[in-house]
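Shown next, in structure tokens, is the structure this report addresses.
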Amino acid sequence: MPAVMWERVTKSKWLTPKVLAIISILSLLVFVFSASRALAATTYHVKVGGQIMGSPLAKGGMVWFNGYDPESIVIHPGDTVTWDAVGGVHTVTSTALATNGSFLFDSSPLFTPEGALADMGPGKLLAPGSVYDLDTSSLALGNYTVFCKIHPGMQGNVTITLGPPGMASIVTAIAGWGDHEYAVQAFAPENLTVPRGTIIRWTLMNPTEPHTITGLNATKAIAWDSSPNFNPPGPPPVMIPNTPTATFSYTFNSAGTFVYFCKVHAYLIGQSWAGMMGIVHVVPLTSLDAVNAAVGGASALGYGALGISIIALIIAVYGVVRGKGPSRSPPSP
């Protein structure tokens with residue numbers, strides 16, 4: 001074999017392992033980068049409080065909603081929960097205590113229930129428009145109950161788990177409130193945005209007023225109804241306060257916008273419902289699906305590619321080491 005051809009063959013044998021090594025290293029870097037993005041920390045938003053103004057209230061009237069929306073969330077260690085104050089003044093306070101006796105986390109550590117309601121400022125009450133960020137990287141796995149120090153009945157839950165993150169399954173809403181002297185025929189919150197798969201539970205809060213929870217699908221046909229046997233003006237087999245029928249739950253398994261109303265206290269104007277009605281916006285689990293898809297890809301194709309890359313890297317290293325052996329002279333012609 002001519003010496004020139006021998007040199008080309010030798011160089012080719014030497015370059016092949018190096019190319020394999022470079023490709024393998026790049027594959028490993030891509031895998032690590034993809035896995036890190038799939039497991040990146042996520043920020044979840046929770047609305048704090050709310051308000052209803054105008055219809056169905058008297059002109060200029062206002063009713064505050066004391067609650068967290070969503071009421072419960074499930075997250076990963078290191079995720080951040082951002083509480084957005086949208087109505088009223090509130091706190092986000094953990095019921096768990098630290099070793100020094102203080103609340104484990106608290107949006108308003110400088111506020112005490114004995115303080116004035118006007119006591120707002122950094123570390124005090126959450127005024128409308130303010131936010132409170134909780135970095136969970138220092139918290140242990142488990143369930144944390146939060147409450148408002150002004151409204152003790154205003155509670156929510158944060159669960160930190162190693163399992164798949166996402167919104168918890170149940171969101172609560174109010175269907176009418178008041179007493180024997182006055183009645184507010186409204187849902188609170190009137191508009192809800194929830195991820196697909198959420199259960200919404202409506203509760204009657206006025207002991208004297210019956211209601212229905214009747215929802216429509218995209219074709220305006222009835223999709224769910226708390227009182228399917230009720231058809232005004234017949235007898236009222238409806239949701240009755242202070243009885244087992246005082247709550248009604250429905251699971252939203254499809255994305256879309258759904259209008260619902262009370263058959264007793266709502267009416268049609270043209271093609272739209274007015275009076276005691278509400279809207280539920282059901283959104284796809286886009287962020288959660290993206291994470292699960294990324295993790296799934298990393299665990300299936302990603303780990304397969306990782307195995308192939310490791311094997312290729314071993315072969316390449318072996319080839320490089322072998323290529324550094326004693327040099328040989330080209331064979332004699």
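The values are calculated or read from the model by the stated rules, or taken from the named source; none is laboratory data. Treat the numbers as computed from the prediction; the structure is a model and nothing was measured. Counting neighbours? That spans all protein chains shown, and the Cβs are built from the backbone with ideal geometry, glycine included.
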Of the residues that make up the stretch 180-196, is at least one among the aliphatic types (A, V, I, L, M), assigned to a loop (DSSP other than H, G, I, E, B) and either in contact with a helix residue (DSSP H, G or I) (Cβ under 7 Å, 6 or more places away or on another chain) or over 15 Å from MET277 (Cβ atoms) (or both)?
no
Among the residues of the stretch 177-194, what is the count of those that are under 20 Å from SER254 (Cα atoms) and either at pLDDT below 80 or in contact with a His (Cβ under 6 Å, 6 or more places away or on another chain) (or both)?
1
Which residue is modelled with the lowest pLDDT, if the candidates are limited to the stretch 153-171 and must be assigned to a strand (DSSP E or B) and surrounded by fewer than 20 Cβ atoms within 10 Å (Cβ to Cβ)?
ILE170
Out of all the residues in the stretch 72-113, which are more than 21 Å from SER138 (Cβ to Cβ), more than 24 Å from the chain's Cα centre (by Cα) and surrounded by 15 or more Cβ atoms within 10 Å (Cβ to Cβ)?
PHE111
For the stretch 190-215 the number of residues that are under 15 Å from the mean Cα position of the chain (by Cα) and of a type outside the set (Gly, Ala, Ser) is 8
If you take just the strands (runs of 3 or more DSSP E) that sit entirely in the stretch 56-146, which of them hold at least 1 residues that are touching a Ser or Thr at 6+ places or on another chain (Cβ under 9 Å) and at pLDDT 90 or above?
80-85, 131-135
